[in-house]
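Here's the structure we're looking at; comments come further down.
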């Protein structure tokens, strides 16, 4: 991955408390997995930045290298990689995702 792509990814993660690398945008997800995670964040009324990896092939491949995670979407909370769709859905259903938001002082609908 080139430095420009790495810096772009790092800037998104550093400058947004909750950052979702996804296919499409929060208003128009381009895949079911991205839509599922986006919907969970919307249900919880979490303020987050959606980064559309489809706009940049280097970003799309780079985020997988950055996180050492093979799939998209990828959710970061306060600079920590949390997981992809299956993990986020599981955490949401178990209540663990709310605990992460509490622990990291992220506002959400309780």
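The values are calculated or read from the model by the stated rules, or taken from the named source; none is laboratory data. Keep in mind that what you see is a predicted model, and the values were worked out from it rather than measured. Here the Cβ is made from the backbone with ideal geometry for all residues, glycine too, and neighbour counts use every protein chain on show.
For the range 61-73, filtering for residues that are without any contact (Cβ under 8 Å) to a residue 24 or more places away in the chain and assigned to a helix (DSSP H, G or I) leaves 2. Within the range 42-60, residues that are under 16 Å from residue 82 (Cβ atoms) reach no partner that is assigned to a strand (DSSP E or B) and at pLDDT below 95 with beta carbons closer than 9 Å at six or more positions or on different chains. Looking across the range 69-81, the residues that are surrounded by fewer than 21 Cβ atoms within 10 Å (Cβ to Cβ) and farther than 14 Å from residue 53 by Cα come down to 69, 78, 79, 80, 81. Scanning the range 82-102 for residues that are buried (at least 18 other Cβ atoms within 10 Å of the Cβ) and outside any helix (DSSP H, G or I) yields 82, 83, 84. With respect to being part of a helix (DSSP H, G or I), touching a helix residue (DSSP H, G or I) at 6+ places or on another chain (Cβ under 7 Å) and either at pLDDT below 95 or crowded, with 17+ Cβ neighbours inside 10 Å (or both), residue 40 fits the description. Counting only residues that are surrounded by 16 or more Cβ atoms within 10 Å (Cβ to Cβ), part of a helix (DSSP H, G or I) and more than 12 Å from the chain's Cα centre (by Cα), the range 16-37 holds 0 of them.
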